[in-house]
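A.B. asks: For reference, the structure I am asking about is given below.
The values are calculated or read from the model by the stated rules, or taken from the named source; none is laboratory data. Small disclaimer: the values here were computed from a predicted structure and weren't measured. Cβ placement follows ideal geometry from the backbone for every residue including glycine, while neighbour counts extend to all protein chains displayed.
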Ligand code: 4AD
Ligand code: MG
């Protein structure tokens, strides 16, 4: 259909006097004796276009004025009667799709929880329009950051036979019938599609390392899957994962890269989505813009795990989970560190090896690994990062300690034989990052169709 996107019209005085056709959905309708006003949104801009209807001059189907109806309007661009910018003086209004009064998106204030129940319609509200525009702009900025810095974008497999994080959270991929009768697990998988156990990848890292050993700098940006039984505001069964992998980089190098990338993307979002950020600042998280400005202007903190433990032990707070050296940090601990102790994003480094993954570089102390998590206020961990163990024998012994199936990781181990180099990488949870920059408090509200335990709408 020949028409003009609304974003090209909003505020564009060069169009004054011209005739245009626009298509969109009715957001509001106001009526008076002689004139009526339609506010039209087509999703290409956060702002809506005001359509002015001279009721004496044109006739149109009354269905065109219903909230949610899809219409096509042709008219002349005129200077806005009130305020700045332009509006459209309607000459013809055509109904494209009517919308009955049961339309669940009503002008009266609704909650995000209610809207979660109608994922197919919630994107037509201001808040979700803003969230998903920011999400798109942030994704583009991530690609741009890596492209400008000469990282190759690689696509790692989604179906895999190796569990990268080793936490047993893989969804199984199978074509076996539900009532297949196998006497052993081995026999079951032998008859399966791949002839062995397969699942959905929890991380593209292991394959990303293979690519980094050829191109030096690569990244992946795709979905990861985790059958984590945690029904929290920051866990999904399917989330989007940004994973750079960098050769000739040690832990301090990759920490700099992570910080640089986060700041680059926040700057891009603030520059490209000013209206959306103002909206979030007013209605979602007061002070969001100041918070993010502070984040891009200040250096992130770096804190050793052992120091973090002593800060938590000295804290004047009653934690639900006890804090001892060796424990994994819970969200409450992470949030105390970033919100109260440091009041900015913080990299906690050198975790005990027993609570971290097999592939992380073992520190000389024999107790810790060269790993770091980036913690941010409001959420806790958004990045998991480490230098990788580049030494064949050390990697092999870490795998044996965990009773891993060594045969399944032969190629990964081989990388440590043929020209092994120090290398590091990280995984950014993209959905969590979108929560952070929008102030949204639930990961289900930054994801188009969130999947979590007992929920696949
Ligand atoms: O800390 P994780 O488990 O690290 C890895 O997977 C590494 N292989 C990454 C790497 O070094 N290439 O996951 C990385 C990030 C977390 O910090 C978190 O932000 C996000 O992925 N994440 C989740 N996001 C939403 N829902 C879940 N269930 C998530 N699990 C991890
Ligand atoms: Mg982690």
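A.B. asks: Yes or no: residue 452 surrounded by fewer than 24 Cβ atoms within 10 Å (Cβ to Cβ) and within 10 Å of ligand 1 (Cβ to nearest atom)?
C.D. replies: yes
A.B. asks: What number of residues within region 404-416 satisfy the criterion of being out of contact with any helix residue (DSSP H, G or I) (no Cβ under 6 Å at 6 or more places or on another chain) and touching a residue at least 24 places away in the same chain (Cβ under 8 Å)?
C.D. replies: 4
A.B. asks: Restricting the first residue to region 381-393 and requiring it to be under 30 Å from residue 333 (Cα atoms) and without any contact (Cβ under 8 Å) to a residue 60 or more places away in the chain, which pairs with a second residue that is away from ligand 2 (no atom under 16 Å from the Cβ) and assigned to a helix (DSSP H, G or I) meet a Cβ separation below 8 Å and a spacing of at least six or different chains?
C.D. replies: 389/395; 389/398
A.B. asks: Scanning for something surrounded by 15 or more Cβ atoms within 10 Å (Cβ to Cβ) and away from ligand 1 (no atom under 12 Å from the Cβ), does region 224-232 turn up at least one residue? Step through it out loud before you land on a result.
C.D. replies: Residues of region 224-232 surrounded by 15 or more Cβ atoms within 10 Å (Cβ to Cβ): 224-228.
When the remaining residues are screened for being away from ligand 1 (no atom under 12 Å from the Cβ), the result is none.
The answer is no, given that none of the residues of region 224-232 is surrounded by 15 or more Cβ atoms within 10 Å (Cβ to Cβ) and away from ligand 1 (no atom under 12 Å from the Cβ).
A.B. asks: Moving on to the next point. Looking at region 309-336, which of its residues are part of a helix (DSSP H, G or I) and in contact with a helix residue (DSSP H, G or I) (Cβ under 6 Å, 6 or more places away or on another chain)?
C.D. replies: Within region 309-336, 311, 312, 333 meet the criteria.
A.B. asks: Does region 377-386 hold any residues that are surrounded by 24 or more Cβ atoms within 10 Å (Cβ to Cβ) and away from ligand 2 (no atom under 11 Å from the Cβ), and which are they?
C.D. replies: none
A.B. asks: Still on this structure, please answer the following. Do the conditions hold for residue 206, that is, is it within 16 Å of ligand 2 (Cβ to nearest atom), farther than 16 Å from residue 433 by Cα and in the same structural domain as residue 140 (by TED's automatic domain parsing)?
C.D. replies: Taking the combined requirement at face value, the residue satisfies it.
A.B. asks: Of the residues that sit in region 182-205 and are within 16 Å of ligand 1 (Cβ to nearest atom) and not in a loop (DSSP other than H, G, I, E, B), which one is nearest to residue 409 (Cα to Cα)?
C.D. replies: Filtering region 182-205 for residues that are within 16 Å of ligand 1 (Cβ to nearest atom) and not in a loop (DSSP other than H, G, I, E, B), the one nearest to residue 409 (Cα to Cα) comes out as 205.
A.B. asks: Still on this structure, please answer the following. Given 407, 429, which one is within 16 Å of ligand 2 (Cβ to nearest atom) and either within 31 Å of the chain's Cα centre (by Cα) or at pLDDT below 95 (or both)? Walk me through it before giving the result.
C.D. replies: Details: 407 fails: within 16 Å of ligand 2 (Cβ to nearest atom).
It is 429.
A.B. asks: I'd like the full set of residues that are touching a strand residue (DSSP E or B) at 6+ places or on another chain (Cβ under 8 Å) and over 20 Å from residue 374 (Cβ atoms), limited to region 297-332.
C.D. replies: Scanning region 297-332 gives 325, 326.
A.B. asks: Any idea which of 137, 173 is surrounded by fewer than 20 Cβ atoms within 10 Å (Cβ to Cβ) and more than 30 Å from residue 256 (Cβ to Cβ)?
C.D. replies: The conditions single out 173.
A.B. asks: Just to check your reading of the model, which residue among 320, 272, 307, 297 is more than 16 Å from ligand 2 (Cβ to nearest atom) and within 29 Å of residue 422 (Cβ to Cβ)? If you could, list the steps in order and put the result at the bottom.
C.D. replies: Details: 320 fails: within 29 Å of residue 422 (Cβ to Cβ); 272 fails: within 29 Å of residue 422 (Cβ to Cβ); 297 fails: within 29 Å of residue 422 (Cβ to Cβ).
It is 307.
A.B. asks: Name the single residue that is nearest to residue 420 (Cα to Cα) among those in region 209-224 being outside any helix (DSSP H, G or I) and more than 15 Å from ligand 2 (Cβ to nearest atom).
C.D. replies: Among them, the one singled out is 216.
A.B. asks: Could you grab me the full set of residues in region 9-43 that are without any contact (Cβ under 8 Å) to a residue 60 or more places away in the chain and farther than 28 Å from residue 103 by Cα?
C.D. replies: Of everything in region 9-43, those that are without any contact (Cβ under 8 Å) to a residue 60 or more places away in the chain and farther than 28 Å from residue 103 by Cα turn out to be 14, 18.
A.B. asks: Let me ask you something else. Can you tell me which residue is farthest from ligand 1 (Cβ to nearest atom) among those in region 374-397 that are under 14 Å from residue 212 (Cα atoms) and out of contact with any helix residue (DSSP H, G or I) (no Cβ under 6 Å at 6 or more places or on another chain)?
C.D. replies: Applying the filter and picking the extreme gives 390.
A.B. asks: Here's something else I'd like to know. Could you tell me which of the residues 416, 344 is touching a strand residue (DSSP E or B) at 6+ places or on another chain (Cβ under 8 Å), assigned by TED's automatic domain parsing to the domain that holds residue 163 and at pLDDT 95 or above?
C.D. replies: On the way: 416 fails: touching a strand residue (DSSP E or B) at 6+ places or on another chain (Cβ under 8 Å).
Going through 416, 344 in turn, the sole match is 344.
A.B. asks: Quick one: which strands (runs of 3 or more DSSP E) lie wholly within region 27-129 and hold at least 1 residues that are closer than 24 Å to residue 445 by Cα and touching a helix residue (DSSP H, G or I) at 6+ places or on another chain (Cβ under 9 Å)?
C.D. replies: Correct list: 35-41.
A.B. asks: Then there's this: Got a sec? Which of 147, 143 is under 25 Å from residue 211 (Cα atoms), surrounded by fewer than 19 Cβ atoms within 10 Å (Cβ to Cβ), touching a strand residue (DSSP E or B) at 6+ places or on another chain (Cβ under 8 Å) and without any contact (Cβ under 8 Å) to a residue 24 or more places away in the chain?
C.D. replies: After applying the criteria, what remains is 147.
A.B. asks: Within region 226-261, count every residue that is within 16 Å of ligand 2 (Cβ to nearest atom), under 16 Å from residue 437 (Cβ atoms) and outside any strand (DSSP E or B).
C.D. replies: Summing the residues that are within 16 Å of ligand 2 (Cβ to nearest atom), under 16 Å from residue 437 (Cβ atoms) and outside any strand (DSSP E or B) in region 226-261 gives 2.
A.B. asks: For residue 369, are the conditions met, namely being within 30 Å of the chain's Cα centre (by Cα), within 14 Å of ligand 1 (Cβ to nearest atom) and free of Cβ contacts under 8 Å to residues at least 40 places away in the same chain?
C.D. replies: Values: within 30 Å of the chain's Cα centre (by Cα): yes; within 14 Å of ligand 1 (Cβ to nearest atom): yes; free of Cβ contacts under 8 Å to residues at least 40 places away in the same chain: yes.
Answer is yes for this residue.
A.B. asks: All but one of (1) within 15 Å of ligand 1 (Cβ to nearest atom); (2) part of a helix (DSSP H, G or I); (3) exposed (fewer than 14 other Cβ atoms within 10 Å of the Cβ) hold for residue 400, so report the exception by its number.
C.D. replies: (1)
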